[in-house]
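The values are calculated or read from the model by the stated rules, or taken from the named source; none is laboratory data. Just so you know, these numbers come straight off a predicted model, no measurement behind them. Don't worry about glycine lacking a Cβ; one is built from the backbone with ideal geometry, like all the others, and counts go over all protein chains shown.
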Amino acid sequence: MTAGDSVAGRIAAWPGSHTAWHRAQASLAGGVSTGLRASMPPHPLFFHHGAGSRLWDVDGNDYLDYVLGWGPVIVGHSHPAVVAAVGEQLRRGQTFGSGHVLEYEVAERLCARIPGAGRVLWSNTGSEAVQVALRLARAHTGRRRYVKFEGHYHGWTDPMLVSYRNLAEDGRPVLGSAGQHPGVLADVSVLPFNDSAAVAELLSQPGSDIAAVLVEPVLCNTGVLPPAPGFLEELRAACDRSGAVLVFDEVITGLRIAAGGAAERYAVTPDLTVLAKALAGGFSLSAVTGRTDIIEQVTSGVVHAGTYNGNPIALAAAAATLDLLSGPDVYPHLEAVSAQLAAGLRTTFARHGVTADVHHVGPVLQVSPGITEVRTARDVLAADWAFYNELIVEALRRGLFLLPGGRWYLSTEHSAADVAQTVAAMDDALAELGRAGRLPVPVAEI
């Protein structure tokens with residue numbers, strides 16, 4: 001450990017954040033509001049404000065932000081259009097416990113934008129929206145069990161937090177949390193992503209009790225892995241043959257990798273789509289969209305509740321965000337800056353002799369150090385994350401705010417100049433680690 005990585009060094013670099021985190025631990029569990037933030041090296045930072053592609057912490061340091069609130073801030077921080085829409089709605093009211101026009105106006109826009117969306121259910125987080133989707137699938141099919149894939153994250157609820165980062169060698173389902181009900185394992189089959197033959201075999205078994213197949217169409221949560229050619233099509237066909245409901249968890253990909261998400265990008269229409277992170281430009285909002293006959297079950301026995309469902313503040317933000325994401329140049333720009341960043345990072349890692357897989361799908365980029373080519377979630381989990389955590393601390397010192405685990409998010413506000421600054425900062429960070437003898441020894445291809 002170098003002096004800069006000691007406790008004293010961390011306090012010296014970010015004294016305000018360190019003091020705030022220490023104080024927060026007296027009233028917040030771990031000093032954070034969600035457990036994953038506790039993993040941010042060297043410790044959780046505390047921020048004062050953001051604008052566009054940048055954040056400013058309580059010590060006055062500014063950063064190019066590739067965390068983006070863990071994904072939601074797709075149009076940048078404090079976009080004037082979002083701020084204006086929310087401010088206008090605030091003056092009219094915060095919540096009504098009844099209908100308002102934004103509920104259906106924004107729903108109509110999603111129905112026009114998302115393939116297969118005949119109806120919309122508003123919710124607040126991705127976790128609860130996935131839970132609603134599973135309930136709808138069970139009610140529609142009269143079946144109980146469901147399929148998910150290794151490394152896929154569908155929220156933290158008991159049924160879904162299975163075989164995410166902890167994978168059994170024999171492929172059996174594994175619980176993800178202490179206190180989780182073990183009975184959920186009886187309802188789930190976990191299969192390797194991109195193994196369409198395994199899905200077809202399971203769903204074709206006599207007396208199959210599979211109600212739903214849930215999938216991140218791009219495995220963003222563990223490696224940003226795209227679907228293999230034909231995989232989503234084969235999922236669609238297997239579900240059609242068996243009567244199972246195909247659910248795309250587009251919490252990350254929805255509205256981000258194309259105007260209509262992964263369903264548009266890969267031209268495969270699921271029965272249900274779950275949306276969240278990019279939907280409201282940083283406000284808490286999620287949705288289940290899809291087949292009318294499945295979603296209309298909430299009018300005939302399926303319970304879907306929530307005091308804050310369809311909140312007008314969040315929907316005002318969503319309307320403004322959809323406006324901003326509707327321009328003709330939005331998605332080409334996101335692709336271009338993401339490709340520029342991926343190319344720059346690949347060149348920079350190679351210059352310093354560091355093995356790393358760097359790739360992107362739209363404006364979601366993945367760096368997996370110590371691996372030549374990532375093919376599966378297991379490859380990602382085997383990457384050199386100890387080195388990467390050292391690297392992102394050095395990057396933080398140079399004005400880059402990055403997530404652990406290698407995923408980077410870009411917004412509409414990230415520019416070519418931002419990317420050039422980022423690549424230069426990463427080059428300097430790697431040079432510093434090299435001078436300190438902390439670069440990894442190149443490893444053989446997996």
State whether one or more residues within the stretch 398-415 are closer than 30 Å to ALA228 by Cα, buried (at least 23 other Cβ atoms within 10 Å of the Cβ), outside the structural domain of GLY261 (by TED's automatic domain parsing) and without any contact (Cβ under 8 Å) to a residue 40 or more places away in the chain.
no
Quick one: would you say ALA197 is in a helix (DSSP H, G or I) and either assigned by TED's automatic domain parsing to the domain that holds SER242 or surrounded by 16 or more Cβ atoms within 10 Å (Cβ to Cβ) (or both)?
yes
Is it true that some residue in the stretch 52-70 is crowded, with 19+ Cβ neighbours inside 10 Å, without any contact (Cβ under 8 Å) to a residue 60 or more places away in the chain and not assigned by TED's automatic domain parsing to the domain that holds LEU246?
yes
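Report, by residue number, each residue of the stretch 144-155 that is surrounded by fewer than 18 Cβ atoms within 10 Å (Cβ to Cβ) and either under 22 Å from GLY405 (Cβ atoms) or touching a Lys or Arg at 6+ places or on another chain (Cβ under 8 Å) (or both). Even if it seems obvious, please write down each step before you answer.
First pass over the stretch 144-155, keeping only residues surrounded by fewer than 18 Cβ atoms within 10 Å (Cβ to Cβ): 144-145.
Matches in the stretch 144-155: ARG144 only.
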Restricting the stretch 54-78 to residues that are touching a strand residue (DSSP E or B) at 6+ places or on another chain (Cβ under 7 Å) and small (Gly, Ala, Ser), the residue that is nearest to ALA316 (Cα to Cα)
SER78
Taking the stretch 225-254 only, how many residues are surrounded by 24 or more Cβ atoms within 10 Å (Cβ to Cβ) and in a loop (DSSP other than H, G, I, E, B)?
5
Which of the residues that make up the stretch 72-129 are free of Cβ contacts under 8 Å to residues at least 12 places away in the same chain, over 22 Å from LEU334 (Cβ atoms), assigned to a helix (DSSP H, G or I) and not charged (D, E, K, R)?
GLY87, VAL101, TYR104
Condition (residue is modelled with pLDDT of 95 or more and closer than 17 Å to GLY76 by Cα) applied to the stretch 289-308: is it met by at least one residue?
no
Quick one: LEU214 ticks every box in (1) in a helix (DSSP H, G or I); (2) within 19 Å of the chain's Cα centre (by Cα) bar one, so which box is it?
(1)
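Taking the options VAL380, VAL361, name whichever one is touching a Gly at 6+ places or on another chain (Cβ under 6 Å) and either free of Cβ contacts under 8 Å to residues at least 40 places away in the same chain or crowded, with 19+ Cβ neighbours inside 10 Å (or both). Before the answer, list the steps.
Details: VAL361 fails: touching a Gly at 6+ places or on another chain (Cβ under 6 Å).
One residue alone meets the criteria, VAL380.
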I need a count of the residues in the stretch 383-439 that are touching a Gly at 6+ places or on another chain (Cβ under 7 Å), small (Gly, Ala, Ser) and not in a helix (DSSP H, G or I).
2
Select, from ARG138, ARG143, the only residue that is farther than 23 Å from ARG256 by Cβ, assigned by TED's automatic domain parsing to the domain that holds PRO270, outside any helix (DSSP H, G or I) and of a type in the set (Lys, Arg).
ARG143
For GLY97, work out the one condition from (1) within 23 Å of LEU324 (Cα to Cα); (2) modelled with pLDDT under 95; (3) not acidic (Asp, Glu) it doesn't fulfil.
(1)
Looking at (1) farther than 28 Å from CYS111 by Cβ; (2) at pLDDT 95 or above; (3) out of contact with any Gly (no Cβ under 7 Å at 6 or more places or on another chain), find the lone condition where GLY207 falls short.
(2)
Looking at the stretch 156-182, which of its residues are small (Gly, Ala, Ser) and either crowded, with 22+ Cβ neighbours inside 10 Å or in contact (Cβ under 8 Å) with a residue 24 or more places away in the chain (or both)?
SER163
